[in-house]
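Contents: one structure, followed by commentary.
The values are calculated or read from the model by the stated rules, or taken from the named source; none is laboratory data. Worth saying up front: this structure is predicted, and the values here are computed from it rather than measured. As a convention, Cβ positions derive from the backbone with ideal geometry for all residues, glycine included, and neighbour counts pool all protein chains shown. Surface accessibility is based on the protein's heavy atoms, side chains included, excluding ligands, DNA and RNA. Shrake-Rupley method; radii C 1.70, N 1.55, O 1.52, S 1.80 Å.
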Amino acid sequence: MVLVVRPALTRREVLFTNQLCYSTWGAPKLSPLEFEDLEMSLLSHPFAAKHYSCWILIDTEISPEDQPVKSADEILAACETFEREASIRLPGSPQIHAIRIHCVAAVHTPEIHRGKGYASTMIDLLRSKLVSPEFGPAKATRPWFEVPILAPINHPLVASILYSHIGPEFYARLGWIPHRAISTEIHVTTALGSCATWTSLARVKQLHRIDVSELDAIVQADRINLEMDFAKSAESHPDAVHFAVPLEADNYRFQLARSQWNYGKFASDDTRASVGALENRIGAWWGDGSGNKYDTFVLWKHEFAENKLVIRRFKYRGRNAATEPAQALLGAAILEAEQCGLEKVVYWDAGAIWESDEGMVDRRHFEAKKELPAGISVVTRTKIALPSLAYWGPRDAQKLEGCDLWKKYAPGIDVVWVNDEEHAWI
């Protein structure tokens, strides 16, 4: 047996991987044909055309590396990667370096091949391939795409992220270290009563609805926000590398396309009639329009299949949720979920919003002191959607033009993930 990982050579191979993972990510809510339609429609989106690759693990003694597999059974394991933009700030310097990373997703071993270590082998081989200085343009990883590739990779990888749904240990031993995973969950029916002040604030004139035409302006303004967030993080952890995945308009539009597909499938006729087009209601900002009007805003996505509204990016002035703008934005999310018939609002990286002067306090503290309104809970995710970051730094950073500073720092240096909100996910 000679195992290799390679990109899918044909669209048929990509379809094979969708068939293999249907039972995990499609069933029972979608039929096999619906799942295939959703996945392949997303792959026709411009974001996927620029950033997506499908990888498969094969035994070259059965399946020649340069030829398409003949059946799905020849695929021992599969995964996806999405090329993304990321930013890093290094110790001792205020400069922010722009890099490209890969987000690893949809890691899957077909049931007939499980228990043989194929997923571990695939991820290990994939990492070696991606960090290699010989790793070439992104077009080489997607030969089956008809859409031109606009943003080829022309340097090796120095960092990668994934979100584990099988706990922290499996990916940690392969180099992807889990970071804190704290969520706020707001149960809408209860919160409408307990957070009446918040929802009242959401109805005042300082709150403005965001539609998709504003995305590019929000992304640009949020780069200024990120610089300030990096500086604040560096004050607390001066000796660490600070890492972030900036908000991207194309990624948000990609997620909006998924939401729209599920909207058509899962939302009732009455809900669609009252809510209208999702692209006209993707978030809200607070202010009078002066200065950087997007220094206090929330972007969300509707997950009708999961019956929840997910906050993708939440930026607000002030220290915590006691501030009026933060409460107004949370109130707007509660009202949006109510109108769309969604049961809860979920916000990741929720530590900062509930900080006190003494620092982060866990859920039991709030429950004991009754500081959280009814219907709101702060939870630590321990098994699913665990943000995990691999950083290879100096060995490969020497190859990156303009990033010579990284040569100074040894592998294994502490890395702080700044703004680990849902917008970093695929």
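In table form, for the structure just shown:
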quantity: Single residue of Pro143, Pro156 found to be open to solvent by 50 Å² or more (accessible area, probe 1.4 Å), over 30 Å from Gly287 (Cβ atoms) and at pLDDT below 80; calculated: Pro143
quantity: Subset of the range 192-242 (residues that are open to solvent by less than 70 Å² (accessible area, probe 1.4 Å) and assigned to a strand (DSSP E or B)); calculated: Leu207, His208, Ile210, Val241, His242
quantity: Yes/no for Lys70 being in contact (Cβ under 8 Å) with a residue 12 or more places away in the chain, farther than 18 Å from Ile123 by Cβ and open to solvent by 70 Å² or more (accessible area, probe 1.4 Å); calculated: no
quantity: In the range 375-426, the residues that are touching a helix residue (DSSP H, G or I) at 6+ places or on another chain (Cβ under 7 Å) and modelled with pLDDT under 50; calculated: Pro394, Asp396, Ala397, Gln398, Cys403, Trp406, Lys407, Tyr409, Ala410, Pro411
quantity: Selection from the range 115-140 of residues that are of a type in the set (Lys, Arg) and modelled with pLDDT of 95 or more; calculated: Lys116
quantity: Filtered residues of the range 282-307 (kept if open to solvent by 10 Å² or more (accessible area, probe 1.4 Å), more than 16 Å from the chain's Cα centre (by Cα), modelled with pLDDT of 95 or more and of a type outside the set (Phe, Trp, Tyr)); calculated: Ala305, Glu306, Asn307
quantity: Residue list for the range 242-281, restricted to those being over 22 Å from the mean Cα position of the chain (by Cα) and among the hydroxyl-bearing types (Ser, Thr, Tyr); calculated: Ser268, Thr271, Ser274
quantity: For Asp288: the one exception among (1) assigned to a loop (DSSP other than H, G, I, E, B); (2) free of Cβ contacts under 8 Å to residues at least 60 places away in the same chain; calculated: (2)
quantity: Test: residue in the range 249-269 that is touching a Pro at 6+ places or on another chain (Cβ under 7 Å) and farther than 27 Å from Met40 by Cα; calculated: no
quantity: Index of the failed condition, Arg114 passing every other in (1) open to solvent by less than 20 Å² (accessible area, probe 1.4 Å); (2) without any contact (Cβ under 8 Å) to a residue 12 or more places away in the chain; (3) among the basic types (Lys, Arg); calculated: (1)
quantity: Residues satisfying the stated conditions in the range 13-31, i.e. more than 25 Å from Ser128 (Cα to Cα), at pLDDT 95 or above and either over 25 Å from the mean Cα position of the chain (by Cα) or among the β-branched types (Val, Ile, Thr) (or both); calculated: Ser31
quantity: Given (1) in contact (Cβ under 8 Å) with a residue 24 or more places away in the chain; (2) of a type in the set (Gly, Ala, Ser); (3) closer than 30 Å to Glu39 by Cβ, index of the condition Ala277 fails; calculated: (1)
quantity: Answer from Arg258, Arg272, Arg313, Arg253 - the residue that is over 27 Å from Ala86 (Cβ atoms) and either basic (Lys, Arg) or part of a loop (DSSP other than H, G, I, E, B) (or both); calculated: Arg272
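Condition check ((1) among the small types (Gly, Ala, Ser); (2) closer than 19 Å to His302 by Cβ) across all residues:
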site: Ser160; (1), (2): yes, no
site: Leu174; (1), (2): no, no
site: Leu192; (1), (2): no, yes
site: Ala202; (1), (2): yes, yes
site: Asp211; (1), (2): no, yes
site: Glu214; (1), (2): no, yes
site: Ala221; (1), (2): yes, no
